[in-house]
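Worksheet: the structure to be examined is printed underneath.
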Amino acid sequence: MSDSTDDPTLFAAEYALGCLDLADMREAEAQAARDPAFAAEIVNWQARLGALHMLVPPVTPPAILWSRLALATGIGKPARPSGRAFWQASTAGSLAIAASLALFAFLPRPPGQPTEPARFAAALSPLATPAKFMAEARPDGAIAITSLDGAPAPSGRAYQLWALPQGAAVPVSLGLLTPGTQVVTPPARASAQEQLLVSDEPAGGSTTGGPTGAVLFGGRLVPISPAATPGR
Amino acid sequence: MTGSIALGGLLMGFVTANSFDRMQPDAAPPRLTVVSDAAGSKTAQLLVQCAQADAKAFRQLYELCSAKLYGVALRITRNPALASDAVHDAMLQVWRNADRYSPDRGSADGWLVSLVRYRALDMIRKHGRETTGVDAPEQVDEDPDALSRLVADSDGAALRNCMEDVDPARRRLIVLAFIEGLTQSEVAVRVNQPLGTVKSTIRRVLMSLRSCLEQGAKVLRS
């Protein structure tokens, strides 16, 4: 327990600064919930110190973040002059997967119900197995893939990305993966149910034209807009 | 089915009752000690529109602020998935509770950053900070010109003036805690000083900043 808890001003300041451990954070929040003056003190400190955020350089978030927000808020057609639903306008033909064992499956909004919140479903995977990569097929045919933990392949090894369209027997290399987000252009436009696979390869990648090591991660592309459904 | 779903530790999008919400009393508006131009900022305007369920404004707000918010969250969590979750949860909170913002609470950007910071801090305090995640960005706190970034608005300029009066070694403790979300104990390890020394130094700097900012506000009001 912080020895500043008996000084409301200091305690509020330390909470706003963000230097308290979890127990003291919870104590401050409980105190704020029952004491409006203490809550106001925290807000005062936030206003005093808030400008410090300007010291942090901006970092562009993964594109999938907005998709998640649009789904969670049920926003169907924001900021698009065409009047079409956002998913149709911004991600027409786009597909998303969550690779590894977590699959994120988007179902299209039923036609004629533009104001109904977005519907989606998910295949749940064991919580102990976090996803490694998130990939999104863009309307222009490119695939953006993000390493979610930012960790590179083990020393002397490489992660190689492969596309395996539905019905195909031989995967096509989409290149080596590096930490962060990278955009690759597949030789053929991605299609629904196509699999993206990541294999363990020697540094420099496979030299045989196919995966030589274990396929460590995989996921299947699923549509996230009506325009991306098969047959359209 | 509507809402967001947590998947495999990846898409943890649940929004819980946030502590920040609970500490926003409608009564007793806070007494500000800095002069704020919050009401006139683009962010503040968009927040007002979001409070009216304006989806277009929400999208614009995201485009305007997401890189800043993600940068803040990433610096604290050092993990892209957790940083995404922090921004997701905070923005969802904004969409649902944008009416809770008022210029009395300081700058709109600062308010948004607060939402993300508390969410990110909560995550790393509960689950620990990733040690194998993204590499530490440049040491902004040790950049001699870092304070020059604090000029984007009047809040920043006032804080910069007061921070410049603080000894750089002491100032660093404040920046480490705010920017990286380090606890006092973690700051002590980072700067290789006794915990008691770090605690007392942080408190002295905080009090001196408050005094300086209040004096500056008085000058501006007079």
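The values are calculated or read from the model by the stated rules, or taken from the named source; none is laboratory data. Please read all numbers here as calculations on a predicted model, not as lab measurements. Reconstructed Cβ throughout: ideal geometry from the backbone, glycine too, with neighbour counts over all protein chains shown. Remember, those area values only see protein heavy atoms, side chains included, never the ligands or the DNA or RNA. Shrake-Rupley method; radii C 1.70, N 1.55, O 1.52, S 1.80 Å.
If B:GLN93 passes every condition in (1) farther than 20 Å from A:ARG68 by Cα; (2) modelled with pLDDT of 85 or more but one, which one does it miss?
With (1) farther than 20 Å from A:ARG68 by Cα; (2) modelled with pLDDT of 85 or more applied to B:GLN93, the lone miss is (1).
So, A:ALA51, is that one modelled with pLDDT under 90, of a type in the set (A, V, I, L, M, F, W, C) and in the same structural domain as A:LEU196 (by TED's automatic domain parsing) or not?
no
What do you reckon, is B:ASP122 open to solvent by 10 Å² or more (accessible area, probe 1.4 Å), at pLDDT below 85 and not hydrophobic (A, V, I, L, M, F, W, C)?
no
Quick check: is even one residue across region A:59-71 under 17 Å from B:VAL205 (Cβ atoms) and either of a type in the set (A, V, I, L, M) or free of Cβ contacts under 8 Å to residues at least 60 places away in the same chain (or both)?
No, because not a single residue in region A:59-71 is under 17 Å from B:VAL205 (Cβ atoms) and either of a type in the set (A, V, I, L, M) or free of Cβ contacts under 8 Å to residues at least 60 places away in the same chain (or both).
If a residue has to be buried (at least 20 other Cβ atoms within 10 Å of the Cβ) and not in a helix (DSSP H, G or I) to count, how many in region B:183-198 make the cut?
1
Per-residue answers, yes or no, for (1) within 19 Å of B:GLN45 (Cβ to Cβ); (2) polar (S, T, N, Q); (3) more than 7 Å from chain A (Cβ to nearest Cβ); (4) open to solvent by less than 30 Å² (accessible area, probe 1.4 Å):
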{"site": "B:LYS68", "(1), (2), (3), (4)": "yes, no, no, no"}
{"site": "B:GLY71", "(1), (2), (3), (4)": "no, no, no, yes"}
{"site": "B:LEU74", "(1), (2), (3), (4)": "no, no, no, yes"}
{"site": "B:THR77", "(1), (2), (3), (4)": "no, yes, yes, yes"}
{"site": "B:ALA81", "(1), (2), (3), (4)": "no, no, no, yes"}
{"site": "B:SER102", "(1), (2), (3), (4)": "yes, yes, yes, no"}
{"site": "B:SER107", "(1), (2), (3), (4)": "yes, yes, no, yes"}
{"site": "B:SER114", "(1), (2), (3), (4)": "yes, yes, no, yes"}
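How many residues does region A:42-67 contain that are within 16 Å of A:ALA13 (Cα to Cα) and of a type in the set (S, T, N, Q)?
Within region A:42-67, residues that are within 16 Å of A:ALA13 (Cα to Cα) and of a type in the set (S, T, N, Q) number 2.
Just a yes or no: is a residue in region B:130-151 more than 7 Å from chain A (Cβ to nearest Cβ), outside any helix (DSSP H, G or I) and modelled with pLDDT of 65 or more?
No, there is no match, as no residue in region B:130-151 is more than 7 Å from chain A (Cβ to nearest Cβ), outside any helix (DSSP H, G or I) and modelled with pLDDT of 65 or more.
What number of residues in region A:36-60 are farther than 24 Å from B:LYS126 by Cβ and not β-branched (Val, Ile, Thr)?
12
Return a yes/no flag: does region A:146-169 have any residue that is at pLDDT 75 or above, within 14 Å of chain B (Cβ to nearest Cβ) and part of a strand (DSSP E or B).
Yes, the conditions are met somewhere in region A:146-169.
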